[in-house]
Each structure stands twice: as structure tokens, then as C-alpha cells.
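Worksheet: the structure to be examined is printed underneath.
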Amino acid sequence: MKGLTKAEEEVMQALWSIGQGFLKDIMEATAEPRPHSNTIATILKILMEKGFVQAIQQGRNNLYSPLVSKADYGKRSVQQLVKGYFEGSASNLVSQFVKDEKISIEELEALLQQIRSSKK
């Protein structure tokens, strides 16, 4: 799976939020300031070439839907983040969150409980 540019990811976020839609629906789901419709159409074409989106023609319009789920893309992105910036160690990532006070003790305890439950 290829990576996404920031603009491609913004369009995917919009598409994930609506599930499927026409160009106008995707435009409405994007954050302000919204890109021009031609820009979104071009990005959708690129996303189709990359295998992230499919289009089914309905009349004169295309109905777009994601081929990659948000969860799958998120999982792959986190794996790349850990590999590229934290020496492949999820522990180093969590340690950074602790240092930056971005994770609470309660959240850490919940993670620990989740790890223990998955081992059973």
C-alpha cells in the first residue's frame, strides 16, 4: 500500500466519514477552506490509481467509495511511524507519549489490561 500525501489523506478522511459519495458529497465533507472541485476530482483520480478508491459510474457522475478502510490505513501508518521514528519499538512510542504527558496513567493501565486480556 502506497502512502498518501496530506491532500490525498484529507480527501480520504472525507470519504471515510461519508462512506461513499459523489464529488459534491465529498466536497461538502472536506474541511474549510474547501479545495476547488477540480482539485478534489484530480485527487480522487490519483487515489483510484493508487488503489485506495473505486468509482462506479451512475449516469454522468461517479459514485466513489473507499477500497481501504480507515482502520487499515491507520494501522499501516502507525507501523510506519514506529519503524521510522521509534526504532521499530512501540514501547519507545508510548514512552514518548509519557514524556510529553500525552497519555494518562488511566490510559496506560487500560492498555496494560488490554495486553493482559489478549494474552489469555
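The values are calculated or read from the model by the stated rules, or taken from the named source; none is laboratory data. Keep in mind that what you see is a predicted model, and the values were worked out from it rather than measured. Neighbour counts are summed over all protein chains in view; Cβ atoms, including those assigned to glycine, are modelled from backbone coordinates with ideal geometry. These accessible areas exclude ligands, DNA and RNA; they are computed on the full protein's heavy atoms, side chains included. Shrake-Rupley method; radii C 1.70, N 1.55, O 1.52, S 1.80 Å.
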Every pair of residues 6+ apart whose Cβ atoms lie under 8 Å, when the first sits in the stretch 104-118 and is without any contact (Cβ under 8 Å) to a residue 40 or more places away in the chain while the second is in a helix (DSSP H, G or I) and open to solvent by less than 100 Å² (accessible area, probe 1.4 Å): LEU108/VAL94; LEU108/VAL98; LEU111/VAL94
Residue check for GLN96: open to solvent by 60 Å² or more (accessible area, probe 1.4 Å), more than 26 Å from THR30 (Cα to Cα) and either out of contact with any Phe, Trp or Tyr (no Cβ under 9 Å at 6 or more places or on another chain) or not small (Gly, Ala, Ser) (or both): yes
Residue count for the stretch 102-114, restricted to those that are open to solvent by 90 Å² or more (accessible area, probe 1.4 Å) and within 24 Å of the chain's Cα centre (by Cα): 3
